[in-house]
Amino acid sequence: MRRNRSTMLSAAPAAALALLALTACGGSDGKAEGEGSPASGKPAAKPAAAASVKIADSPLGKILVDESGRTLYGFTKDKSGTSNCDTDCIAVWPALTSAKDVTAGAGAQAALLKETKLAEGAEQAVYGDWPLYYYVGDATAGDVNGQGLDGEWFVVAADGKLIKKMS
C-alpha cells in the first residue's frame, strides 16, 4: 500500500518543518537559501563561493545533489523551467537559490544548468527542465524522503529527467 507521507505529518511537526523551511529559504534580510545549510536552522553566512550541484549514488540510482550531498527534487507542476511552487509549497520544498551562479560539480552537466527568476526576485537553479528544490523532511545527505510525495515530487537524474520509481 502506497502511503502519502505528507498526510502523515501532525500539526506540530509540520509547523516545525515550515519554520525550518522559512529559515532555509532566507528571511527578509535578503539572504538566499544557498547561503546556508537548508536544515541547519542557524542564520546563514555569506557564501565564499557559489553553490554547486553534482551527481551522487542513491537507492534510486545516480541523482542530483548539492555540494553537501543534499538531494534535489523536481516538481511535476513546474513547466518549461518555471517554478509553480507557491509560498505554502516553498515552506516544505525550499528552492535551491544562491547569491552567486550555481555551478556544475562532479558528474553534473553544465549545459543542463540554468536559472529562473522567482517572483520575489531571487534566482532558482534549474537542471534540465526542472527548477530544483530541497525537501525539509530530508535530515541528512543522501536522504530521499521526498521521492514520489503526492505523485508530484521526484529526484532529478544526471540526465536532467525525473526518476519516478520508488526506493
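The values are calculated or read from the model by the stated rules, or taken from the named source; none is laboratory data. The structure displayed is predicted, hence computed values, not measured ones. Note that we place each Cβ from the backbone using ideal geometry, even for glycine, and neighbour counts take in every protein chain shown.
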Quiz item: Can you pull out the residues in the stretch 34-54 that are at pLDDT 50 or above, surrounded by fewer than 21 Cβ atoms within 10 Å (Cβ to Cβ) and assigned to a loop (DSSP other than H, G, I, E, B)?
Solution: 50
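Restricting to the stretch 90-107, count the residues that are under 17 Å from residue 154 (Cβ atoms) and in a loop (DSSP other than H, G, I, E, B).
The initial filter retains those residues of the stretch 90-107 that are under 17 Å from residue 154 (Cβ atoms), namely 92-96.
Applying the additional criterion that residues be in a loop (DSSP other than H, G, I, E, B) yields 93-94, 96.
Counting residues in the stretch 90-107 that are under 17 Å from residue 154 (Cβ atoms) and in a loop (DSSP other than H, G, I, E, B) gives 3.
Confirm whether residue 112 is surrounded by fewer than 23 Cβ atoms within 10 Å (Cβ to Cβ), modelled with pLDDT under 95 and of a type in the set (A, V, I, L, M).
On the way: surrounded by fewer than 23 Cβ atoms within 10 Å (Cβ to Cβ): yes; modelled with pLDDT under 95: no; of a type in the set (A, V, I, L, M): yes.
No; evaluated as a whole, the condition is false for this residue.
What tally of residues in the stretch 117-167 results from selecting those that are among the β-branched types (Val, Ile, Thr), surrounded by 14 or more Cβ atoms within 10 Å (Cβ to Cβ) and assigned to a loop (DSSP other than H, G, I, E, B)?
2
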Practice problem: Could you please tell me which pairs satisfy a Cβ distance under 7 Å, a separation of 6+ or placement on different chains, a first residue in the stretch 63-82 that is without any contact (Cβ under 8 Å) to a residue 60 or more places away in the chain, and a second residue that is in a loop (DSSP other than H, G, I, E, B) and surrounded by fewer than 15 Cβ atoms within 10 Å (Cβ to Cβ)? | Solution: 78/84
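For the stretch 76-109, how many residues meet the condition of being basic (Lys, Arg) and either closer than 26 Å to residue 57 by Cβ or at pLDDT below 95 (or both)?
Going residue by residue through the stretch 76-109, those that are basic (Lys, Arg) are 77, 79, 100.
Among the residues that remain, those that are also either closer than 26 Å to residue 57 by Cβ or at pLDDT below 95 (or both) are: 79, 100.
Count: 2.
Given the structure, is residue 57 over 18 Å from residue 139 (Cβ atoms), of a type in the set (D, E, K, R), assigned to a helix (DSSP H, G or I) and at pLDDT 50 or above?
On the way: over 18 Å from residue 139 (Cβ atoms): yes; of a type in the set (D, E, K, R): yes; assigned to a helix (DSSP H, G or I): no; at pLDDT 50 or above: yes.
No, not satisfied.
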Practice problem: Name every residue in the stretch 143-161 that is over 23 Å from residue 115 (Cα atoms) and over 13 Å from the mean Cα position of the chain (by Cα), in order of residue number. | Solution: 148, 149, 150, 151
